[in-house]
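Trainee: Got a structure for you, questions after.
The values are calculated or read from the model by the stated rules, or taken from the named source; none is laboratory data. Small disclaimer: the values here were computed from a predicted structure and weren't measured. All Cβ positions, glycine included, derive from the backbone under ideal geometry; neighbour counts span all protein chains shown.
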Ligand SMILES: Cc1ncc(COP(=O)(O)O)c(C=O)c1O
């Protein structure tokens with residue numbers, strides 16, 4: 001008989017809702033993945049490298065050409081120089097990077113702070129390492145961080161703060177004042193930061209992504225995580241990376257080598273080539289998704305849903321309090337089974353759900369899919 005280390009955790013909501021969408025033939029705007037193809041030139045490079053025999057283990061920390069391209073991208077976008085040999089690890093998705101970063105920082109009894117609604121991988125990683133997670137709810141409806149609440153939660157056992165901007169599930173983003181508040185709080189402490197920046201290239205209305213790469217003082221104590229899955233419409237390839245100072249990265253790799261050893265070889269070579277030859281692709285991603293957001297919002301403007309601000313990511317929150325009094329989990333199930341449209345109930349990302357009536361819809365879909373989805377939502 002096994003005794004679970006995560007007795008309170010069931011199957012993730014993304015798996016549950018995607019399965020329900022498939023079972024009931026519903027349009028799946030629940031789990032965050034695009035329903036369109038990766039760039040042709042990238043697919044061609046994958047075909048090239050698999051056919052050319054690049055099919056064995058990659059180096060543990062990643063293919064050198066890809067790490068070089070990542071370092072150049074970070075220098076170009078954020079003005080930070082990172083050493084590709086000692087400060088970058090390529091991982092099977094951002095998920096493994098987040099897990100290894102938490103493993104590297106949390107010992108039994110250590111405390112971590114996360115902000116609710118929180119992406120669902122953070123807390124289990126802390127728990128599996130014997131840590132204690134403090135959840136600080138973000139404000140409603142702007143989903144900003146209450147920095148005074150953070151100061152109150154810090155004590156001499158606090159070792160980690162996990163942040164995420166642009167933010168899943170809310171689409172909110174950090175501004176400079178947030179970063180400076182964090183910097184002031186951790187200064188002189190033993191607190192490390194994990195910065196989940198997988199949506200770094202999806203930010204709207206001319207706003208700037210406040211990457212921790214831009215802030216040298218914070219970068220010195222941070223694991224900064226990103227994902228090629230979000231950027232190249234390839235979530236199934238499982239390709240992400242982590243950047244951290246050498247001392248942090250050594251501990252990260254000590255763990256990574258025993259979790260996954262290394263990451264998919266041909267895809268790493270392909271992405272390295274693509275970054276070299278199509279460096280403009282990620283720069284155009286915000287505009288591409290801003291159009292999708294605007295289309296989706298326009299299509300459902302006259303529905304009974306209230307649109308919440310969406311400053312980044314490919315998610316739109318909809319407040320349904322004018323349509324139903326049901327709990328969000330119940331409504332999400334009903335919409336999937338009876339109305340054939342799947343979404344994600346936001347309450348599952350809270351330790352203590354505040355009872356808001358909000359569902360998350362993914363708009364990383366073809367225009368035709370979004371129109372079909374809007375037809376359903378407009379009739380509710
Ligand atoms: C906030 C956030 N972090 C991390 C991930 C995981 O990224 P990956 O698919 O590269 O593992 C996701 C994926 O949805 C996400 O939304």
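Trainee: Determine, yes or no, whether residue 137 is more than 16 Å from the ligand (Cβ to nearest atom), farther than 20 Å from residue 281 by Cα, out of contact with any helix residue (DSSP H, G or I) (no Cβ under 6 Å at 6 or more places or on another chain) and modelled with pLDDT under 95.
Mentor: Answer is no for this residue.
Trainee: Follow-up question, since we're still on this one. Report yes if residue 60 is within 22 Å of residue 260 (Cα to Cα), away from the ligand (no atom under 16 Å from the Cβ), modelled with pLDDT of 95 or more and in the same structural domain as residue 234 (by TED's automatic domain parsing), otherwise no.
Mentor: It is true that residue 60 is within 22 Å of residue 260 (Cα to Cα), away from the ligand (no atom under 16 Å from the Cβ), modelled with pLDDT of 95 or more and in the same structural domain as residue 234 (by TED's automatic domain parsing).
Trainee: Let me ask something else. Would you mind finding the one in 225, 198 that is outside any strand (DSSP E or B), within 30 Å of residue 33 (Cβ to Cβ), assigned by TED's automatic domain parsing to the domain that holds residue 119 and in contact with a helix residue (DSSP H, G or I) (Cβ under 6 Å, 6 or more places away or on another chain)?
Mentor: 198
Trainee: Please go through (1) surrounded by 15 or more Cβ atoms within 10 Å (Cβ to Cβ); (2) touching a helix residue (DSSP H, G or I) at 6+ places or on another chain (Cβ under 9 Å); (3) closer than 30 Å to residue 276 by Cα; (4) at pLDDT 95 or above for residue 71 and return the number of the only condition it doesn't satisfy.
Mentor: Just one mismatch for residue 71, condition (2).
Trainee: Tally time: how many residues in segment 227-249 are under 19 Å from residue 99 (Cα atoms) and either buried (at least 21 other Cβ atoms within 10 Å of the Cβ) or more than 14 Å from the ligand (Cβ to nearest atom) (or both)?
Mentor: So the answer is 16.
Trainee: May I pose another question? Which pairs turn up if I take residues in segment 166-181 that are assigned by TED's automatic domain parsing to the domain that holds residue 148 and look for partners that are in a helix (DSSP H, G or I) and more than 16 Å from the ligand (Cβ to nearest atom) with beta carbon separation below 6 Å, at least 6 apart in sequence or on another chain?
Mentor: Sorted first by the residue in segment 166-181, then by its partner, the pairs are 181/147.
Trainee: A further question follows. Here is a list: 52, 65, 94. Which entry is surrounded by fewer than 17 Cβ atoms within 10 Å (Cβ to Cβ) and out of contact with any helix residue (DSSP H, G or I) (no Cβ under 7 Å at 6 or more places or on another chain)?
Mentor: Result of the check over 52, 65, 94: 52.
Trainee: Looking only at segment 250-263, count how many residues are assigned to a loop (DSSP other than H, G, I, E, B) and either within 16 Å of the ligand (Cβ to nearest atom) or in contact with a helix residue (DSSP H, G or I) (Cβ under 9 Å, 6 or more places away or on another chain) (or both).
Mentor: Qualifying residue count for the region: 3.
Trainee: May I ask you to verify whether residue 97 is touching a residue at least 60 places away in the same chain (Cβ under 8 Å), within 30 Å of residue 317 (Cα to Cα), part of a helix (DSSP H, G or I) and within 16 Å of the ligand (Cβ to nearest atom)?
Mentor: yes
Trainee: Out of the residues in segment 207-221 that are touching a helix residue (DSSP H, G or I) at 6+ places or on another chain (Cβ under 9 Å) and in a helix (DSSP H, G or I), state the one that is farthest from the ligand (Cβ to nearest atom).
Mentor: 217
Trainee: Look through 224, 162, 203 and report the one residue that is in contact (Cβ under 8 Å) with a residue 24 or more places away in the chain, surrounded by 22 or more Cβ atoms within 10 Å (Cβ to Cβ), within 14 Å of the ligand (Cβ to nearest atom) and within 21 Å of residue 107 (Cβ to Cβ).
Mentor: 162
Trainee: Please work out if residue 353 is crowded, with 22+ Cβ neighbours inside 10 Å and either without any contact (Cβ under 8 Å) to a residue 60 or more places away in the chain or touching a helix residue (DSSP H, G or I) at 6+ places or on another chain (Cβ under 6 Å) (or both).
Mentor: Here the answer is no, as residue 353 does not meet what is asked.
Trainee: Still on this structure, I have one more. Suppose we keep only residues that are farther than 15 Å from residue 5 by Cβ and in a loop (DSSP other than H, G, I, E, B) within segment 100-112. Which one would you say is farthest from the ligand (Cβ to nearest atom)?
Mentor: Checking each candidate, the answer is 109.
Trainee: Taking residue 289 and the conditions (1) in a helix (DSSP H, G or I); (2) free of Cβ contacts under 8 Å to residues at least 60 places away in the same chain; (3) within 18 Å of the chain's Cα centre (by Cα), which numbered condition does it fall short on, given that it satisfies the others?
Mentor: (2)
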